[in-house]
1. Over 60 Å from the mean Cα position of the chain (by Cα), part of a helix (DSSP H, G or I), exposed (fewer than 11 other Cβ atoms within 10 Å of the Cβ) and not assigned by TED's automatic domain parsing to the domain that holds A:Glu671: which single residue out of A:Glu290, A:Glu296, A:Glu301 fits that description?
2. Does A:Ala848 satisfy the criteria of being modelled with pLDDT of 90 or more and either closer than 30 Å to A:Val229 by Cα or more than 60 Å from the chain's Cα centre (by Cα) (or both)?
3. Mind listing whichever residues of region B:22-52 are touching a Ser or Thr at 6+ places or on another chain (Cβ under 7 Å) and within 14 Å of another protein chain (Cβ to nearest Cβ)?
4. Examine region A:954-972 for a residue that is crowded, with 20+ Cβ neighbours inside 10 Å and modelled with pLDDT of 85 or more, and state whether such a residue exists.
5. Inspect all residues belonging to region A:578-585 and state whether any of them is surrounded by fewer than 16 Cβ atoms within 10 Å (Cβ to Cβ), in the same structural domain as A:Cys502 (by TED's automatic domain parsing) and part of a helix (DSSP H, G or I).
6. Test of understanding: among B:Ser348, B:Ser399, B:Ser381, which residue is surrounded by 15 or more Cβ atoms within 10 Å (Cβ to Cβ) and among the hydroxyl-bearing types (Ser, Thr, Tyr)?
7. Any residue at all in region B:395-408 that's at the interface with chain A (Cβ under 7 Å from one of its Cβ atoms), within 29 Å of B:Leu304 (Cα to Cα) and of a type outside the set (D, E, K, R)?
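The values are calculated or read from the model by the stated rules, or taken from the named source; none is laboratory data. In this text, all values refer to a predicted model and were calculated from it rather than measured experimentally. With ideal geometry, Cβ positions are generated from the backbone for all residues, glycine too; neighbour counts draw on all protein chains shown.
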Amino acid sequence: MIIRGFKINGFGVFHQTEAQGFASGLNIFLGENEAGKSTLLAFIRAVLFGFPANRGGINTYPPLNGGVHGGSLILDGEEGPVIITRSPGSYGGNVSVSYPGGAKGGRDDLLHMLGGTTAALYNNVYAFSLSELETLQSLTSEEVASALYGASLGAGVQSLSNARKKIAQKTGELFKPSGKKPLINQTITEFKENAALVGRAAKDADVYQASVEEINGLEEAMKSSKAAVKKFREDILYFEKIINLWDHWIAHSQAKASLDGLPQDAILLPEDSRSGLESVLEKMEETGREIVVLKEEAAAEKIKAASLPVEPGLLDLGGVITSLNGEYARFRENQETLQRLSNQLDQKNLEVEALCKSLGEGWTRERLANRQGALFSKQDLEANDLALSSAAEAAERAKGRKSMRREALEELRAEEGRRRESLEKVGVPGPGWESALQSGRDPLAKAKAQARELSDLTAREQRLAQEQTHLDQRMADAAALAWKRKRGAAPALVFIVLSIGCLALSLVKPELHFLLYSGGAAFIIACLILIINAKTNASAAFVDNMARKDPEFGRMSQAAEALARNLEATKDKIESLAASLDLQTPVSPQAFSEVFANLDNESERYRVWSGLYQGLMETGQKCEAAASRLQEADKLYKEAEEKQTKANAAWRAWLEEQGLPNSLPPRSAREALESMEKGAGILRQALSLERDIAQCSRTIQEFEDKLHRLTESLGAPYPQPGMIQAMLQDLSGRLEKTRRNLAVKEEISSGLEGLERKILEKNLALEQLAKKRKGFLAQARAENEEEFLEKFRISGERRNLLAKLKTAAAAMGNISGEKDLSRLLSLLEALDRDACRIKLQEAQEALALAEEDFESQTKRLAELNAGLKNMASDQKISRLRAKEEELAEKMRSQALQWGAYTLAGAFLERAVAVLEQEQQPEVITRAGAIFREITNGRYERIYAPLGEGGIELIMRDGVRKSPAQLSRGTAELLYLCLRMGYIESRSVQGANLPVVMDDVLVNFDAQRASQAAKAISSLARGRQVFLFTCHKRFVELFKGGASDLQSFTLNCGNIIPA
Amino acid sequence: MATFSFVHAADIHLDSPFAGVAASAPHIRDAMIQASFDAWRNLVDFCIEEQAAFLLLAGDVFDWEDRSIRAQLAFRDGCMRLAGHGIGVYAVHGNHDPLQGRYAAIELPANVKIFGSVRVESCIAELQGAPIAAISGISYQAKEEKRNLARMFASHAIPEGLFSIGLVHANLGSSTGHAPYAPCSMKDLSLDSVDYWALGHVHQKRIAGEEPYIVYPGNIQGRSFTEQGERGAYLVRVRGGAVASLDFRPLDAVRFLAINASITAHRTLDSLLQDMIDALYQATEDNPTLPLICRFILSGRGVLFHELIGPEAVEQLLENMRETFLDRDPFVWVEKIRCQCQPEKELSEFMGSDDLLARVLKDMADMESSPEDLLEFGRKSLKPLFGRRLVSGAMGKLSESDVLEMLAEARNLCIDLLGKEDA
């Protein structure tokens, strides 16, 4: 991209400022402070990449001296100048790109020209000021740093920083040699603690062994204690027995002495013999009393039975009497029902007669009864009624529709007339309007397009003419300048020098003064001729020759030819179009406005005409449709009338069939049918009443017949109608009494039989008791009851004594366990009771002591056994060992993970070290070469550590330095070289944007400034460079180095070629 | 000659913790601690059920030299149950429970014969009062038994005329993966005087010879993922003075299973998870009555590599698996998911360019081809951690396989960190 000029509309101090003729190489702008150097830098940035956002602290360079913010850059294009214009608007301002020939472009065209260079990259690398050069910050934004330091090393390097961070983070999380928090450090601590617990738990075996030994000792001691307890318990038992035996022994001795005092021949009677005898005597007395009472009861029952009366004759008629009593109420009810039904029947007969009369002559009870099909008649009537009303309604509807359609047709015909009148008012249609209306085209479109094109071409013709004039002027200026240079002042100067030389020589060589004077005069004349020649215009041959030899002039000449051709083609087109529009060339603006006004008027007339014409056509179509619909409605109306006539005929036929007058309307016919149905219903009710009356009469007759037969059986007269119920109730009472008395008599009879049986049983029992009494007396060998009682007393005393002896002996046997009583009695006779009591107490005391020992031993044994049991089931050490294994596994897993990350890091660093040696970014390499040259080899190279987005410098002696360690001037030189390195590197890839530097040499000393100028001049050989400076000395520095150089002066918002 | 049967078991390792397994659920921890005891109970039940004449225990009855009390009592109780059924117990001790260990002396019932460590001893086993077999054996005195115990049988007078059994805890042919104690060769075991060598020490069941029978029954309970699958003992039937049959019976109480799952066919973690769940359901169907401790090994190349290289995705899979099988009875514990998968792109493709990742991978490959250099580089790089005595004590000295394992992981990390956009 080469910028040939600026057109600044309004930007900072600049207003309507133009500058042209920038060199393709180096352009130096000299200006004092505030002259507008930074403003021009910002202007170039703004036109190419947009106005900066108006945020706090950022200078957007608003127009201070008027004009619209923005302006244009004029670039070299293949076919002529390309103008990029930036004006206020959203997204950094509106962009337009104008091409030679009038073509226009926008933002996309500009982006294409910028070749993918971003605003950040351009602003920091291509176009920078001193303040931006002074700081590294402008080169460390991610985008710029990536472009500068990492672009050529591939994706892997871009991830390096993240990879390093991740590895450091993970290894740090897992393990640190002196840390506590990392996971492995924690696991190691836990492992140590657990190992200590395992060591302690392993000592349980010693405890177990000691416990087992103590248990063995205790078990021996407990055996001794147990034997002592057993012995003392036996002693205690022995003495307790002796003491317990003592009272029984005394009782035994006393009973034996008493028994020896009783008579030896006494009979030992059973203990219950006395009570047995007394019981027998008592029962004999009781039985005698019961026999007397039973006999008295039998006599009283016999008397009671004889006093009860009965009527046997009534018993046979019991069923009839009961039946008649039950039926009497029904009998009375039937008598009443019969009367009521008879009354109802009479009423119904009267109603039937009245109905027959209402239906007219010929209608009798019999005809009414015999009439059939009432239901169907009603259905027929309803069908006829519906058909009549439907036909009437249809006819009415058809009539209404016909009337409505007639009205619609009339309205449409009126509308058609109105539209036709309106169309006639618009006037005659233009040529081809009707066909255009049918095809939907605009008949004036072609004329309009031609007019617009003609207008555009006329404007273009004017623009091209202006450009041609401008170019011709530039070429003329260039040719004049060259003419002057070649044929004017310069050769004249030579002749002046020669003439002066001749004059000077004539002073030295007087003998040759004539010759020398003549020569000098000739030179002066030649000089004068040349000076006069310089004032004339360059010849055509000179211009042609110049066009061939000077490439710049040649380009201008070619552009001028292309412009002329373009202009000619445009004029031809204008001629052609003007002819087709009936216009004379050149077309005046007034003619244009008349043509466009006529076209607009005709367009409007076509719009109105087409609307009315279409409306008229549509109305005509509607009229035809309405007439057709009216004919259809008339036809339908006639059909409806015909249907109505048919329905009336059918109705009359039906009335005659029903025997009704044929003039009856459906409503009257419906009433007559209802009367017939009602009469038939009443007749059915009368028949039902007659059946009920007959049934009642039969039931009454049956009851009366039964009553007759009863009175005849009893020999009694038939009762009066009001006495039937009284007679039946009396017969029932008598029958019931007879039945009750017979039952009582039967019951008394069976009771008498039982009493007699009991009397017999009691007599037999009395005899048995007498026999038992005799048995008791015989057993005691007694004559009577008194003697029996005495012998029974002696027997009882003997029995008591024997029992005492036995009890005492048994108790002694039980207590002592001794079966041999005599041996026991002899032992007791030899002992002393008190001495035994003392020995018992001694044994009890000894037992308590022995039991206490045994208990404590048992308790301890239980404790030890429980301890052992706990140890047997204790999983403590198992758990600790399991945990030890778990921790070892955990440690292993973590350690392998740490190892993997550590190895990954180690291998990564090895590869990085190699790669850093081998593969430096292109930008850095180029920048290093420039830097080495500028510093005369003091700095060997620039070096970018891999993936860090920064740089280091390697000095001639191998020392490494970071940019922060450099002096300010050297650092700025470094940053300048980095930018130049990038620009050169990028230009190889195709993008070659202008470089803009704003006073970047200020901080350099004379030597470095000279070297930097050399480097910048070198840079300007391959691309356009704009250098702004406020120091004239820097301008001088460049004059010797750059071949294609233009210098300008900036002054108060003006750009003046130097 | 009598017809009888006996049970040959070894490496009971009573009260042995599981190695390399961590469980967070308490009931699973308890089951793991209890597993060796349950397997011992299963062995005793097996002897009683089969009415074996005697039980041979070929060393490592206990897991530790100092034999926990709980383990000894469990052993005594089991022997007492066997005594109740007239079944004798003949045992030697191995490197895990040598005789010189410091442990509480718990008295064993009379049906138990423990062979001494000084010389080979012999005793006669009887069935209903009649002699049926001559059993000769020798125990370890210390853990590191360097003697060739099998060879000592040759100079020992073994009783003749009965079925003869040699009982010893030995490393036949120096099996790798086992401590090289009491080494012996097939030649040492080729004795005419022994009909059946009842060996212990190698945890994988193996019949090394049939004339005479040389048998390792393996251990009865797997203790880590290196001891997967069924574990148990042999029921040996003897008829006419010769082995008539050998039947293996699984007796383990908890079973270890490692399940491989390839990521190649999966585009999403959900799909991979479903595949893993299906595989585990299949494993539970294959082992319906046993608690299972499972480990998944994710392998293969696939797009899920980058997701799985980070711990979060693997943790998520693990949680989902555990939750799915939470209510299974007997339990299934998914102990770990090891990610050994690789990126979809071949390693050679990564190494084909000249960028940083390619250089790292090439450097790794070069180093891998020289194991000695790799081990030295690994030891040097990893010294801050692996140089610690406690760490090497808990994990063992850093081995070549450890470094290779870490290198494989490091390679994947580098691919993930540096080559994600290319993968």
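1. None of the others qualify; the one that does is A:Glu296.
2. yes
3. B:Ile33, B:Ser36
4. For region A:954-972, residues crowded, with 20+ Cβ neighbours inside 10 Å and modelled with pLDDT of 85 or more: absent.
5. yes
6. Testing whether each residue is surrounded by 15 or more Cβ atoms within 10 Å (Cβ to Cβ) and among the hydroxyl-bearing types (Ser, Thr, Tyr) leaves just B:Ser381.
7. Yes: one or more hits.
Results for (1) in a loop (DSSP other than H, G, I, E, B); (2) over 17 Å from B:Val7 (Cα atoms), shown as yes or no for each residue.
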residue	(1), (2)
B:Ala208	no, yes
B:Gly222	yes, yes
B:Leu246	no, no
B:Arg249	no, no
B:Asp252	yes, no
